[in-house]
Amino acid sequence: MKSHLAIRKTSKNLFIGYGLSIMLGLFAAIYFESPLPALLPAVLLIAFQLLVDYEKIYLLLFLCIPISTEVFLSDHLATDLPTEPLIVGFMVLYFLIALLQPKTIDKNFLRHPITIAIGVHLGWTVLTTLTSSAFGFSFKFLLAKTWYLVTFYFFAGYIIKSPKRIKLILWLITISLTIATAKVVGHHAILEFGFKKINTATPPFFRNHVNYAAILTLFVPFIWYLNRWTNSKRAKTFILFSFVLLLFAIVTAYTRAAYVALAVALAAYWVIRLRLSRLAVTLSLIIAIGGVNFLVAENAFMEFAPSERTVAHTELTDIVNSTSKLEDVSTMERYYRWIAAGQMIIEKPVFGFGPGNFYHFYKHYTLERFSTYVSDNPEKSGVHNYYLMVALEQGVLGLLIFVVLIVFVVVYGEKVYHNCTTREDRDLVMAAILSSIIIDAFLMMNDMIETDKVGSFFFFNMAIIAIMDLYTKRKKGALVPSEEETT
């Protein structure tokens, strides 16, 4: 009886306290003339749920990724709501679990080869942060990388032990991504699918057409996986609708990187099936090194300087032609920044300028001959090539470590794919590999790993491969089955 009364009293106090938080949030919102304090009750509710059952909030995080919105708290501070606070919260929660309940963390996951490769990459990022030319900016970059890495790789490895849970997460993402995509396509249809109008249609869920196209493209392999392994007729119909919608949205996003990435993924599917990843990687590296050597030798890159007719086009057919003629402002602005990046790498080849520091130093290394009318860069965007960004900010060794990481994920993923015991498991691993390759292709023209729409999948794909590797080994008796696998 006393226990029952105590529960009722506790519930009553919680109810009263939550009611007061609602009133406090509303009064604060009115006083400060900002809607943010009104979010206090939601924050408290999520915090309480984290303490009671954090798994449901983790699922909520994935559901929110496609529909998150960038909110500017000030002229210099922005965040993605509701995802970024949740991501930070799960990072803190993981560290608390590791500190207070270390035995609950799977040591096999921590010792996994992919985990070790990620650890080396993160360790070098920490070192170059300490040697940074502007420590404050580098430290903020390091924090962002850390909370994406911890939440979507380490926490995923902690909470997910079987493909069944991964499949649930993919379904949640599919639902919200389909809704967000339908909104953009509907808005874009009103604008008659104009090439120049796509950036008008993408808010509030997507920053621009590149951010929009990136998450659509990287998720296509998972839609393919769900379509193959969905038995319910209603679910199958929904998946087919989503698949067609995403493909149509990719076409009308007018993003060249998306078209190239999908073509690369299609070729990579057969490379993985035929166990040719090592050969493909070797050829790709030879081509990349040869291309760089050609541009650098005797300053051959100077031949690509833009003409006075460099313009921004408004139709897709025009932009394809202008790119080949070096008249497209988007392409030429990239050259402008890439050349600056090359000069910065020469200046500091060992430790670089520090993570997150490209914008703060690059204008001292640009060549005026390659400038365009958008070179003022008021939006403070980056180098538009993540590999160059890593090299100039973390040195040549930092680039080598990063390239080894992404190559290792593909090569090791191929091994995991062929070791899986069922076709469904193999298809899940294949989807994660192809999604990773699509992101790697996007990074040739963009730098989006430290964003929730792309960074989350960059690390979650790695987690899926590591989780499926351990899951397969447990099924084969090489490891002790987890509690989740036996229930």
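The values are calculated or read from the model by the stated rules, or taken from the named source; none is laboratory data. Predicted, not measured: the structure shown is a model, and the values here were computed from it. Positions of Cβ are backbone-derived with ideal geometry, glycine not excepted, and every protein chain shown enters the neighbour counts.
Only one of the numbered conditions (1) modelled with pLDDT of 90 or more; (2) under 22 Å from the mean Cα position of the chain (by Cα); (3) surrounded by fewer than 15 Cβ atoms within 10 Å (Cβ to Cβ) is violated by Ile67, and that is (3). Residues in the stretch 160-188 that are basic (Lys, Arg) and over 26 Å from Thr104 (Cβ atoms): Lys183 alone.
Consider the stretch 360-377 and keep the residues that are among the hydrophobic types (A, V, I, L, M, F, W, C) and outside any loop (DSSP other than H, G, I, E, B). The one that is modelled with the highest pLDDT is Phe361.
The rows are residues; the columns are (1) crowded, with 20+ Cβ neighbours inside 10 Å; (2) closer than 20 Å to Leu168 by Cα.
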residue: Asn199; (1), (2): no, no
residue: Thr202; (1), (2): yes, no
residue: Leu216; (1), (2): yes, yes
residue: Arg234; (1), (2): no, yes
residue: Val251; (1), (2): no, no
residue: Tyr259; (1), (2): no, no
residue: Ala265; (1), (2): yes, no
residue: Arg273; (1), (2): no, no
residue: Thr282; (1), (2): no, no
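Would you call Pro82 modelled with pLDDT under 90 and either surrounded by fewer than 14 Cβ atoms within 10 Å (Cβ to Cβ) or within 19 Å of Ile215 (Cβ to Cβ) (or both)? Considered against the rule, which asks whether it is modelled with pLDDT under 90 and either surrounded by fewer than 14 Cβ atoms within 10 Å (Cβ to Cβ) or within 19 Å of Ile215 (Cβ to Cβ) (or both), Pro82 comes out as yes. Assess whether Ile114 counts as being at pLDDT 95 or above and surrounded by 20 or more Cβ atoms within 10 Å (Cβ to Cβ). Answer is yes for this residue.
Selection of the stretch 208-237 for residues being among the basic types (Lys, Arg) and in contact with a Ser or Thr (Cβ under 8 Å, 6 or more places away or on another chain) yields only Lys236.
The rows are residues; the columns are (1) of a type in the set (Asp, Glu); (2) at pLDDT below 95; (3) in a helix (DSSP H, G or I); (4) more than 27 Å from Ile289 (Cβ to Cβ).
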position: Thr451; (1), (2), (3), (4): no, yes, no, yes
position: Met462; (1), (2), (3), (4): no, no, yes, no
position: Asp469; (1), (2), (3), (4): yes, no, yes, yes
position: Arg474; (1), (2), (3), (4): no, yes, yes, yes
